[in-house]
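Taking it in order: structure first as structure tokens, then the write-up.
Where a number appears in this text, it was derived from the coordinates with a stated rule and is not lab data. Predicted, not measured: the structure shown is a model, and the values here were computed from it. A quick note on method: Cβ atoms are made from the backbone with ideal geometry, for glycine too, and the neighbour counts reach across all protein chains shown.
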Amino acid sequence: MSGKVVLAYSGGLDTSVAIKWIKEKYDLDVVTLTVDVGANDRDLQTVKERALEIGAVKALVRDVKDEFVKYFIWPALQAGALYEGEYPLATALARPLIAWHLVQVAREEGCTAVAHGCTGKGNDQVRFDVSINVLGPDLKIIAPVREWRMTRDEEIEYARANNIPLLSVSQKRFSVDQNLWGRSVEAGPLEDPWNEPPEEAYEWTGHPEEWPDQPEEITLDFEKGIPVALNGDRMDGTSLITKLNTLAGKHGIGRIDHIENRLVGIKSREVYEAPGAVVLHKAHTWIEDLTMTRDAARFKAKVAAEYADMVYNGQWFSPLHQDLAAYVASSQRFATGTIRLKLYKGNVIKSGSQSPKSLYNFSLATYDKGDQYNHDAAIGFINIFGLSLRNQAQTQLKGNTPDDMLSLGTSEETTR
Ligand code: ARG
């Protein structure tokens with residue numbers, strides 16, 4: 001009797017071929033799992049039928065959008081998680097959730113193995129494998145694409161030979177992964193970093209000539225670091241992100257062209273479209289600007305970089321991520337307020353910000369009437385603050401000429 005495997009199935013060429021290939025190579029019955037993480041480019045009913053047509057014994061489709069938002073996207077937004085300061089991590093955030101569902105289905109369906117369509121060169125294989133190892137250590141992992149080493153043409157040939165119906169093996173020049181939080185596009189002409197990304201790489205952001213000539217002003221309300229309303233309308237996260245993707249995408253916002261460092265040591269060029277994520281990250285930072293103390297903000301920026309690395313590197317189900325997440329959640333207790341901003345030709349421009357927890361203090365900041373800042377105290381403060389530099393100058397810089405002082409620290413003279 002052959003066992004069963006659950007395969008993460010997208011409906012694309014790789015995973016379609018995998019259904020047949022796994023049966024042939026491992027003699028396992030294939031249950032497919034297609035998760036809806038939002039912004040799908042395929043009709044999931046069609047995807048399901050196709051899986052069965054190819055030979056899956058069962059084809060499951062799960063809508064996980066709300067979980068994705070609640071447990072992955074919002075925490076990452078609160079963390080300020082941008083990999084290498086640029087990539088909002090759409091693909092990386094979805095992987096642990098998909099892995100979690102794969103393991104659930106494996107249990108429900110009595111599977112002994114789990115399969116995914118990742119190659120051996122990317123980050124996604126690491127994210128899946130590490131997450132599955134944690135959640136279901138007894139499950140065998142099969143990664144057909146990593147194992148078979150067929151070229152794309154050979155795969156198409158295999159599909160033809162095995163009567164595998166292919167939906168869209170169009171002249172796809174790119175490899176695309178997308179969900180609610182963004183679109184990741186790589187390969188084809190993007191592999192030469194000097195090539196300008198062709199316009200057809202972009203789908204969520206209009207062509208530059210079509211970006212409206214009028215800016216569009218919107219408001220975003222945050223509660224404890226979570227966006228709860230767009231233009232004053234309270235809505236669930238999935239709707240808010242979906243709406244914002246459309247709104248901001250129309251104005252060309254969210255194009256990111258990133259030469260990134262993969263975990264496996266390769267530099268790769270990836271083009272992202274993440275209109276909603278880019279707007280929300282900016283707006284969220286502006287709420288924190290208003291509500292966080294200087295020290296808290298400095299420290300959180302360090303945590304954000306660590307957190308982003310952990311997500312990127314597939315360590316979602318790790319104790320360190322759990323601890324950082326707890327810090328992030330705590331850091332958001334005052335991050336409540338409203339941002340007013342304009343969307344205009346690829347730019348997110350702040351109009352204004354306000355918060356009931358704002359630390360902005362008019363009577364301290366103003367240069368006008370009502371100033372309560374103690375100017376005399378500044379003199380004493382500077383006297384102490386600058387003490388060590390005065391001391392150093394009087395001893396170590398004594399004989400320096402004005403020109404010496406000008407060139408201090410330059411390659412002309414670094415030793416004075
Ligand atoms: N480079 C991104 C990451 O590692 C996206 C990977 C998937 N990209 C793709 N075009 N298939 O998270």
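Summary table below
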{"quantity": "Charge dipole magnitude, Cβ of K and R +1, D and E -1 - segment 286-416, Cα centre, debye nearest 20", "calculated": "520 debye"}
{"quantity": "GLY3 long-range amide H proximity, modeled H, under 5 Å", "calculated": "ASP29"}
{"quantity": "Amide hydrogen neighbours beyond the local backbone of SER175, cut-off 5 Å, H modeled", "calculated": "GLU186, ALA187"}
{"quantity": "³J(HN,Hα), Karplus 6.51/-1.76/1.60, whole Hz, each residue of segment 390-406, x for Gly, Pro", "calculated": "4, 4, 5, 4, 5, 9, 8, 10, 3, x, 5, 7, x, 5, 4, 5, 5"}
{"quantity": "Cα-centre dipole for the chain with unit charges at Cβ (Lys and Arg positive, Asp and Glu negative), debye to 20", "calculated": "920 debye"}
{"quantity": "Loop-exposed GluC sites (Glu not before Pro) per DSSP, neighbour cap 13 Cβ within 10 angstrom, longest uninterrupted part of the chain", "calculated": "85-411"}
{"quantity": "MRE, 222 nm, helices only [DSSP H, n ≥ 4, -39500 (n - 2.57), over the chain, to nearest 500]", "calculated": "-12500 deg cm²/dmol"}
{"quantity": "DSSP-assigned coil residues among trypsin sites (Lys or Arg not before Pro) in segment 93-138, each with at most 16 further Cβ atoms within 10 Å", "calculated": "LYS121"}
{"quantity": "The chain: antiparallel DSSP beta bridges as a percent of all, rounded to 5", "calculated": "70 percent"}
{"quantity": "Listed residue (PRO402, PRO193, GLN372) projecting farthest to the positive dipole end of the chain, Cβ model", "calculated": "GLN372"}
{"quantity": "Centre separation in Å (Cα based) which lies between segment 146-168 and segment 347-370", "calculated": "59 Å"}
{"quantity": "The chain: relative contact order in percent, alpha carbon pairs under 8 Å with at least 6 residues between", "calculated": "17 percent"}
{"quantity": "Residue-by-residue Karplus 3J(HN,Hα) for segment 248-259, coefficients 6.51, -1.76, 1.60, Hz, glycine and proline x", "calculated": "6, x, 4, 8, x, 8, x, 7, 10, 10, 10, 8"}
{"quantity": "Fluctuation leader among PRO75, PRO208, PRO96 - the chain, Gaussian network, Cα springs under 10 angstrom", "calculated": "PRO208"}
{"quantity": "C-alpha center-to-center spacing [segment 303-325, segment 216-278] in angstrom", "calculated": "20 Å"}
{"quantity": "Net charge dipole size for segment 109-225 [Lys, Arg +1 and Asp, Glu -1 on Cβ; Debye, nearest 20]", "calculated": "900 debye"}
{"quantity": "For LYS140, distant residues with modelled amide H under 5 Å away", "calculated": "ALA113, VAL114"}
{"quantity": "Inter-probe distance in nm under a simple model that places probes 7 Å from Cα toward Cβ, at ASP66 and LYS25", "calculated": "3.8 nm"}
